[in-house]
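Peer 1: Below you'll find the structure I mean.
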Amino acid sequence: MRRSPLALPYLLGSLLLVVVPLGVALVLSSTSYYGFRAPEPTGAENWVRLLRDEKFWDAVGVSALVAVVVVPLRLALAVGAALLLVRRGGPGTALGRVSAYLPSVIPEAAWALLWLWILNPLYGPLPAFLGGLGVPSPGFLTEPWGARAGLVLVMAFQVGEAFVVALAARAAIPGRLYEALAVEGGSSWFATRRLTLPLMAPLLLVLAVRDVVVVVQNAFVPALLVTEGGPANATTTAPLHIYVRAFEYGELGYASTLSVTLLALTAMAAALPLWLAARLAGRQRTRS
């Protein structure tokens, strides 16, 4: 069986951008390295320090909390937009599709700065809108839980890639299935629950796994530019904590230890949806 040469650039890119940096991080994770002298091996010292690093584990907790809220919200927005905009030629369909994809095209720094203006407690439109409705502002930039809510809002609407995949998955479902269901008297809501979502479930599972990784990693930019990790470290995510240890304190060796640990934790979190899906599939086979 001949292997396609088209895969060669991808394999080389993966080797240079993923495998090699990961290998370097693994080596540096057991060293004391500050960038201005050769790394000094420290054995398990960094790993022992990691177990006692309360700030890092607090940051991991913040990342987990954000992922638990943002991942389902992003999936719901992507699937909902796909179901609403699947029909071609409808009024505003093209504009709706562009609007759904646009936040993912905007550079992350520009998107974060836009939300910094939206959430500003003095002149931001969102606090002003809530005030006009008589709803007290949660303090998007000034209160711990308000800042976490603001971080969730910044990341929740970047659903462009998931929207495109969900839209393609919905468009691939044969129309004759819906026609047969309509003949039997099935409602639109029944068709969505019993036909559309079950057939889209495999792709939704892949999107959930992808979004776990994306949300954990991409929370760095809004946490840095919008909330600066505050107030009281309430939005200091794990990538932001690693950045501080590496580039503000210069502890490149220990930051490598944290990076490898975060990678392992993210891999386990991403594997969780796959494990749950396998368990559910096993139970269904047992019942049948």
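Throughout, read-outs are computed from the coordinates displayed, never taken from laboratory work. Keep in mind the model is a prediction, meaning the values are calculated, not measured. A quick note on method: Cβ atoms are made from the backbone with ideal geometry, for glycine too, and the neighbour counts reach across all protein chains shown.
Peer 1: Which net charge results when you count Lys and Arg as +1 and Asp and Glu as -1 among the other residues whose beta-carbon is under 15 Å from that of D53?
Peer 2: 0
Peer 1: To the nearest Å, what is the center-to-center distance of the stretch 176-209 and the stretch 5-58, using C-alpha atoms only?
Peer 2: That distance is 44 Å.
Peer 1: Go ahead and set up a Gaussian network model of the chain, Cα springs under 10 Å, then flag whichever of V216, V154, V260 fluctuates most.
Peer 2: V260
Peer 1: Right, here's the next one. Identify which of L84, L204, L73 has the largest mean-square fluctuation in a Gaussian network model of the chain, with springs joining Cα atoms closer than 10 Å.
Peer 2: L84
Peer 1: Counting other beta carbons within 10 Å of each Cβ, put F190, F163, F157 in order, fewest first.
Peer 2: Least to most surrounded, the residues fall as F190, F157, F163.
Peer 1: Given Cα pairs under 8 Å that are at least 6 residues apart, what percent is the relative contact order of the stretch 1-50?
Peer 2: With pairs under 8 Å counted, the relative contact order is 23 percent.
Peer 1: Right, here's the next one. With Cβ to Cβ distances under 14 Å as the rule, what net charge do the other residues near L252 carry (K, R +1; D, E -1)?
Peer 2: -1
Peer 1: Can you give the charge dipole size of the chain about its Cα centre, rounded to the nearest 20 debye, using +1 on the beta carbon of Lys and Arg and -1 on the beta carbon of Asp and Glu?
Peer 2: 1340 debye
Peer 1: Let me ask you something else. Could you work out the relative contact order of the stretch 120-277? I mean the mean sequence separation of Cα pairs under 8 Å and 6+ apart, divided by the number of residues, in percent.
Peer 2: 24 percent
Peer 1: Hey, what did the stretch 20-75 get for relative contact order, percent, Cα under 8 Å, at least 6 apart?
Peer 2: 20 percent
Peer 1: Relative to the longest principal axis of the chain, what angle (0 to 90°, nearest 10) does the C-alpha long axis of helix 252-287 take?
Peer 2: 30 degrees
Peer 1: Also, I was wondering about something else. Around G185, what is the net charge, scoring Lys/Arg as +1 and Asp/Glu as -1 over all other residues with Cβ under 14 Å from its Cβ?
Peer 2: So the surrounding residues net to -1.
Peer 1: Let me ask something else. If I compute Cα extents along the principal axes in Å from the structure I just sent, which labelled value in (1) 74, 66, 41; (2) 52, 46, 38; (3) 58, 40, 39 lines up?
Peer 2: Looking at Cα extents along the principal axes in Å for this model, the match is (1).
Peer 1: Next up: Starting with the fewest neighbours, write out V27, V62, V159 ranked by other beta-carbon atoms found within 10 Å of each beta-carbon.
Peer 2: By the 10 Å Cβ count, ascending, the order reads V27, V62, V159.
Peer 1: What FRET efficiency, computed as 1/(1 + (r/R0)^6) with R0 = 51 Å and r the Cβ-Cβ distance, is obtained for E161 and F36, rounded to the nearest 0.05?
Peer 2: 0.80
Peer 1: To continue, here is another question. Specify the residue with the greatest mean-square fluctuation among G43, G13, G186, computed from a Gaussian network of the chain linking alpha-carbon atoms under 10 Å apart.
Peer 2: G13
Peer 1: Determine the calculated [θ] at 222 nm for the chain from helices alone, applying -39500 (n - 2.57) to every DSSP H run no shorter than 4 residues and normalising by the residue count; nearest 500 deg cm²/dmol.
Peer 2: Result for the chain: -21500 deg cm²/dmol, rounded to the nearest 500.
Peer 1: Same structure again: Which length gain, in nm to one decimal place, applies between L197 and M268 when the Cα-Cα distance is subtracted from 0.36 nm times their residue separation?
Peer 2: Here the segment from L197 to M268 would lengthen by 23.0 nm.
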